[in-house]
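What follows is a set of notes on a single structure, which appears directly below.
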Amino acid sequence: METFIVAPLIVGGVVAALGLLISILDGIVNNYGEVVVNINNHTKDLTVKGGAPLLRSLSQEKIFIPSACGGKGSCGACKAVINSDVGPLLPTETPYMSEEEKAGNVRLACQVKVKKDIDIEIPEELFNVREYNAVVESTRVMTYDIVELYLKLDQPVKFKAGMYMQLVIPSYKAKKKGDMSFKGTTMRAYSISSPPSDNQSAEFLVRAMPDGRGIATSYVHHHLEPGMHIQTIGPFGDFYLQENDTTMICIGGGSGMAPFRSILRHMKESNMMDREVWYFFGCRDYPDIYYLAEMRALEKEWPNFHCIFALSDQELHEPEEWDESVFGPRSAIIKGRIDHVVARYMKEEISPDSGFEAYLCGGPMMIKGCTIVLLEQGVSQDNIYYDEF
Ligand code: FES
């Protein structure tokens with residue numbers, strides 16, 4: 001009996017000692033000294049301690065590259081062009097790289113270590129990305145799985161309607177049995193739902209994961225309360241309002257409401273209400289509908305704005321109470337899959353005369369189905385903008 005207990009202890013001790021030895025050797029072997037990161041042909045030269053991942057070296061110098069997974073190599077967001085030899089693409093990078101990107105020396109900044117002087121290229125806009133210390137002003141439950149999070153920032157933020165920021169999620173402990181705990185720090189990206197005019201704040205819509213196991217969503221849903229502090233980094237993204245006169249087809253689902261709420265509020269404030277906008281929001285059932293009253297009020301003020309809520313479940317749970325003066329007629333809630341509904345409206349209701357521009361924000365299935373419809377209806381691929389999550 002004793003042998004069974006002592007043997008694992010000995011093995012465990014040896015493994016721990018080896019681990020310690022490896023980490024000491026690693027520290028000695030990986031002493032690369034100071035190295036220089038040359039950004040965009042010497043627009044900025046950073047002197048950093050060698051050996052760390054590029055993503056971390058840059059963020060320590062307050063240059064922030066998008067990162068939706070906190071540097072774990074699982075989001076593919078942290079792309080940068082590296083014009084120096086930093087070794088071959090790693091297996092963790094290849095799934096995120098197109099052939100064109102591979103040929104163009106694009107790498108994942110969280111996977112590449114800076115062991116010597118390197119030359120990199122990043123979009124100029126990233127020099128404007130800042131880190132904000134925010135205070136939670138309010139959290140509002142919008143549906144059974146979506147919370148509206150409103151943050152006050154410690155400095156003004158400049159962004160275009162449709163862009164996103166990253167929330168920095170700290171360690172937290174489960175409040176009750178069965179809830180998530182998390183140790184470490186990670187980041188998750190959320191579209192800003194407030195308009196750019198509200199530049200001291202940032203509002204987000206955070207949807208809980210179906211299994212309740214999302215690190216960031218659990219933190220926002222179960223831990224963040226008014227008065228608490230949270231870090232946020234941004235703005236990022238190339239999904240934002242293009243200013244022209246074409247008819248806009250906006251398609252969102254779930255928390256994909258967020259960028260459209262920012263875009264629509266910005267358009268209203270900026271007197272862009274001559275432009276025709278068709279906003280399709282796809283969800284499953286009545287309990288998934290939110291901001292309906294706000295959208296109906298906007299339709300009254302903006303005759304060229306049309307909002308269609310499409311419900312895809314076969315069996316729907318209609319609420320007993322329905323105030324038509326606030327929510328519009330019940331018949332204006334359409335039953336059907338979002339791509340089918342968009343197809344029908346584009347064939348029967350929406351004039352192609354002004355040309356189209358389409359904005360899609362949601363999951364991959366929705367995006368794929370709706371893109372097929374848009375292309376069939378003559379929308380050019382160049383005029384379709386995506387925010388996929
Ligand atoms: S892959 Fe997510 S940060 Fe690099």
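The values are calculated or read from the model by the stated rules, or taken from the named source; none is laboratory data. As the structure is a computational prediction, the values presented were derived from the model and not from experiment. In this analysis, Cβ positions are derived from the backbone assuming ideal geometry, glycine residues included, and neighbour counts consider all displayed protein chains. Surface areas here come from the heavy atoms of the whole protein model, side chains and all, with no ligands, DNA or RNA. Shrake-Rupley method; radii C 1.70, N 1.55, O 1.52, S 1.80 Å.
With charges only on Cβ, +1 for K and R and -1 for D and E, what is the dipole size of the chain about its Cα centre, in debye, rounded to 20?
1440
Ignoring ligands, DNA and RNA, what percent of the accessible area of the chain is carbon or sulfur (1.4 Å)?
Carbon and sulfur together cover 53 percent of it.
Compute the distance in nm between two label points, each set 7 Å from the Cα along the Cα-to-Cβ direction, one at Ser74 and one at Gln314.
Between Ser74 and Gln314, the label points sit 3.4 nm apart.
Once Lys and Arg get +1 and Asp and Glu get -1 on their Cβ, which of Pro352, Ile63, Gly378 lies farthest toward the positive end of the dipole of the chain?
Of the listed residues, the answer is Ile63.
Suppose every K and R has +1 on its Cβ and every D and E has -1 on its Cβ; what is the size of the dipole of the range 326-389 about the Cα centre, in Debye to the nearest 20?
440
Would you mind counting up the charge near Lys173? Only other residues with Cβ under 14 Å from its Cβ, with Lys and Arg at +1 and Asp and Glu at -1.
Once positives and negatives cancel, what remains is +3.
Of Gly51, Leu90, Cys78, which is farthest towards the positive pole of the range 34-124's charge dipole, taken about the Cα centre with +1 and -1 on the beta-carbons of Lys, Arg and Asp, Glu respectively?
Positive-end residue among those listed: Gly51.
Could you put Tyr190, Tyr96 in order of accessible surface area, largest first, with the 1.4 Å probe and the full protein assembly present?
Putting Tyr190, Tyr96 in descending order of accessible area: Tyr96, Tyr190.
Which cross-chain or sequence-distant (5 or more) residues have an amide H under 5 Å from the amide H of Ala52, H modelled 1.01 Å from N in plane?
Val114
Between Phe127 and Val141, how many nm apart are label points set 7 Å from Cα along the C-beta direction?
4.7
So what is the 222 nm mean residue ellipticity for the chain from helices alone, if each DSSP H run of at least 4 adds -39500 (n - 2.57) and you divide by all residues, rounding to the nearest 500 deg cm²/dmol?
The helix contribution divided over the chain gives -7500 deg cm²/dmol.
Quote the charge dipole size of the range 34-124 about the Cα centre in Debye, to the nearest 20; the model charges only the Cβ of Lys and Arg (+1) and of Asp and Glu (-1).
For this selection, approximately 420 debye.
Quick one: order His340, His221 from most to least accessible surface, probe 1.4 Å.
Accessible-area ranking of His340, His221, largest first: His340, His221.
Return the long-range amide H neighbours of Ala161 (sequence gap of 5 or more, or a different chain), with a cut-off of under 5 Å between placed amide H atoms.
Excluding prolines and chain starts, which carry no amide H, the hits are Leu241.
What residues have an amide H closer than 5 Å to that of Asn40, excluding those fewer than 5 places away on the same chain, when H is modeled at 1.01 Å from N in the peptide plane?
Those qualifying (amide H under 5 Å, at least 5 residues apart or on another chain) are Ile120, Glu121, Ile122.
Between Val36 and Arg344, 0.36 nm times their residue separation minus their Cα-Cα distance comes to what?
Length gained, Val36 through Arg344: 105.2 nm.
Per-residue HN-Hα couplings for the range 152-169, Karplus 6.51 cos²θ - 1.76 cosθ + 1.60 at θ = phi - 60°, whole Hz, x for Gly and Pro?
9, 9, 8, 7, x, 10, 10, 8, 9, 4, x, 6, 10, 10, 10, 8, 9, 9
Less than 11 Å Cβ to Cβ from Cys78, Lys/Arg counted +1 and Asp/Glu -1: what total charge do the surrounding residues give?
+3
Sequence neighbours fewer than 8 away in the same chain don't count; with that in mind, list the lysines whose C-alpha is under 26 Å from Lys115.
Lys44, Lys49, Lys62, Lys72, Lys79, Lys102
Given 10 °C and 1.306 mPa s, how large is the Stokes-Einstein diffusion coefficient of the chain in µm²/s, with Rh as the Kirkwood radius over Cα pairs?
The Stokes-Einstein estimate is 68 µm²/s.
Work from the charge dipole of the chain (Cβ charges, +1 for Lys and Arg, -1 for Asp and Glu, about the Cα centre) and give the residue of Asn244, Tyr172, Met228 farthest towards its positive end.
Checked the options; the winner is Tyr172.
At what distance in nm do the modelled label points of Lys175 and Arg337 sit from each other, each positioned 7 Å from its Cα along Cα→Cβ?
Computed distance between label sites Lys175 and Arg337 equals 3.8 nm.
Can you tally the net charge around Tyr290? Count Lys and Arg as +1, Asp and Glu as -1, for every other residue whose Cβ sits under 14 Å from the Cβ of Tyr290.
Combined, the nearby Lys, Arg, Asp and Glu give -1.
Taking GluC sites (Glu not before Pro) as candidate sites, keep only those in a DSSP loop with at most 14 other Cβ atoms within 10 Å, then name the longest stretch of the chain containing none of them.
62-242
Kindly point out which whole DSSP H helices in the chain project their C-alpha atoms 27 angstrom or further along the helix axis while averaging a Kyte-Doolittle hydropathy of 0.5 or above.
Flagged H segments are 2-29.
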